[in-house]
Amino acid sequence: MSAPLDPGAPGTKSGAAPAASDTGTGTDTDTDTPDGATGEWRRLDPRTLLVHCGWLAAPLGSTALTALATGGRITAKAWFTLGALAVSFAVVTTIGLIRWARTEFRITVPPGRDGGAGDGGGGARTFDVRSGLWTRRLRSVPLHRIRTVDLTASPLHRLLGVTVLRAGTAGSGFGSKDLSLEALAAPEAERLRAELLAYADADASANDPVLARISWRWLRYAPLTFWVIGGVFVVAGSGYRVLDGIGIVPWKLGIVRQAFTELGAGALWLTVPAVLLAVIALGSVGAVVLYIENWWSYCLEWTDARTLRVRRGLFTTRAVTIERARLRGVLLREPLLLRAGGGATVRAVAGGLGNQDENRKRSGLLPPAPRTEALRVAGGALRAPFPGDGSPAPLTPHPRVALRRRRVRGLLFAVLPGTAVLAGLGLAFTPVLLHCAWIYAVVTTAVVLWLARDAYRSLGHGVDGPYLVARSGTISRDTLALQRDAIAAWTFTTSPFTRRAGVVTLTAAVAAGDNGYRLPDLAADEAPGFAAAAAPGILEEFLVHPGTAGHLPEQRSY
């Protein structure tokens, strides 16, 4: 396993199919490999067996906590649990041993070729993974189809000196599976990753610029995220589930009862702000810790002219690579608190990063950082100035009716329900709640009107060279720069209310990122023309222009 990978050595070979193959057979043979291919099959690191036993930590820890909570007395139920764990351990270990013994991989090169970048699709080397006990499964992927190679190591992987390698292909997306190897020795995983990506551009310069490295001055932006409040409740909920799972009712604990008693005995105008400050303080500390764990040793760089790589992580390390040909654009994201502090984040709009959940984890290009740094990184990822922000082509504002729609929605869904509930309770129980109702109505109305105006001012769309630019949102203001030639289809969405207002929501479908990006509340009579100009060749056959036979009203011409 520790021998260097040398696909060009004598005795190795490969045949590259035009597309990835996934074949199941009933025998352990090489008949499913490309014609004429030979090569040495290699196995995973034996420490894979220890990784498979990592799931035991949670049940064993729960049993230990139960023993501590009961003073060391282990009940019959606990003994039954330990017996079940022992049986499960034996079964899982056996399955892991079989999977390790029957999982192999290799890199092959066609006879008479070196498999280099100049071979083209037909003679390129392939990455083969073979697994399965009764039904043997072979997945053979030409290296020219591999778009990303990630190395992910959890704390357990790092303790054992291994890592998980996941190779994403051109067809990776929602519902498709990457080729993954768990687990490889860390040095060999690095060598294999480098070789899998070597096909991307063998002649590229290795001295392309580093776009960004971590600056610990950016830690001041960590508390300006969701985790400053939401993280506290997530941790509290997790703690409650753990205690409830071992038979401890949190509300019956003496310390919890005492805390609620003291809070109830104090003045609300003092205790409520004190609790809020405590939550914010705990959330800020947690957000900083999470920021450090996620973005430790962060580096964003072009490893060659066609490969963008992000490395980060303290306990769980991650190295994500994105081929330039699959990078369809970037998303500049500015959540409300982060925007107030002058910060932003950057995400890649790229294909081959897995399903939507994996895409959210792997598409981050920049942590919360100064907005000027975010603009610089976004431009560096595009290899061009980031459009839509101070560019020569300003964004087109949306019709004024979009402001009215946001005001009405805020009043209907935020102000009216809360006011009605408080007023009803006040009429039924105490007049104090009637005063709370009108105070709530005044405060929330002011907030809603301010947020609606901010959301409307954020709306904009346009075309800037090869990019479609769209901006929207207030809780999270997102500015999208999307390659126009990546747009595969348009979707026009209306409702009785939007038709009456004369607006339409336009969605650009793209085989990357979130698969679809919305442009809300465009003028209905302008949306078809804009869509046709932004992505020529999609809508033309459905449009009827004025002066032609069979002309229909413009709002029905798409």
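The residue that is most open to solvent (accessible area, probe 1.4 Å), among those in segment 177-202 that are modelled with pLDDT under 55 and either touching a strand residue (DSSP E or B) at 6+ places or on another chain (Cβ under 8 Å) or assigned to a helix (DSSP H, G or I) (or both), is D201. Yes or no: segment 404-418 includes at least one residue that is farther than 27 Å from R518 by Cα, surrounded by 14 or more Cβ atoms within 10 Å (Cβ to Cβ) and touching a residue at least 24 places away in the same chain (Cβ under 8 Å). Yes, segment 404-418 has at least one match. Determine whether segment 484-502 contains at least one residue that is crowded, with 22+ Cβ neighbours inside 10 Å, at pLDDT below 95 and small (G, A, S). Checked against the condition, which is being crowded, with 22+ Cβ neighbours inside 10 Å, at pLDDT below 95 and small (G, A, S), segment 484-502 yields at least one hit. Total residues in segment 355-366 satisfying the condition of being crowded, with 22+ Cβ neighbours inside 10 Å and assigned to a loop (DSSP other than H, G, I, E, B): the figure is 1.
In the condition set (1) of a type in the set (A, V, I, L, M, F, W, C); (2) over 22 Å from P223 (Cα atoms); (3) open to solvent by 70 Å² or more (accessible area, probe 1.4 Å), V349 is compliant with all but (3).
If the condition is being open to solvent by 10 Å² or more (accessible area, probe 1.4 Å) and among the acidic types (D, E), then segment 305-346 contributes only E323. Identification of strands (runs of 3 or more DSSP E) wholly contained in segment 367-485 with 2 or more residues that are more than 24 Å from the chain's Cα centre (by Cα) yields 460-464.
Would you please list the contacts, defined by Cβ atoms under 6 Å and residues six or more apart or on different chains, that run from a residue in segment 153-164 that is touching a residue at least 12 places away in the same chain (Cβ under 8 Å) to a residue that is open to solvent by 60 Å² or more (accessible area, probe 1.4 Å) and part of a strand (DSSP E or B)? Within 6 Å, the pairs are V164/E182. Determine whether segment 203-215 contains at least one residue that is open to solvent by 80 Å² or more (accessible area, probe 1.4 Å), at pLDDT 80 or above and closer than 30 Å to D514 by Cβ. Within segment 203-215, one or more residues are open to solvent by 80 Å² or more (accessible area, probe 1.4 Å), at pLDDT 80 or above and closer than 30 Å to D514 by Cβ. Scanning segment 294-344 for residues that are hydroxyl-bearing (S, T, Y) and assigned to a strand (DSSP E or B) yields a count of 4.
Residues R328, R311: which one is free of Cβ contacts under 8 Å to residues at least 40 places away in the same chain, within 16 Å of N359 (Cα to Cα) and in contact with a strand residue (DSSP E or B) (Cβ under 6 Å, 6 or more places away or on another chain)? Residue meeting the stated conditions: R311. Just one residue in the set V285, V256, V275, V279 is modelled with pLDDT under 75 and in a helix (DSSP H, G or I); that residue is V256.
The values are calculated or read from the model by the stated rules, or taken from the named source; none is laboratory data. None of these values were measured; they are calculated from a predicted model. Heads up, the Cβs are rebuilt from the backbone with ideal geometry, glycines too, and the neighbour counts pull from every protein chain shown. When the accessible area is computed, the model is the full protein with side chains, heavy atoms only, and any ligands, DNA or RNA have been set aside. Shrake-Rupley method; radii C 1.70, N 1.55, O 1.52, S 1.80 Å.
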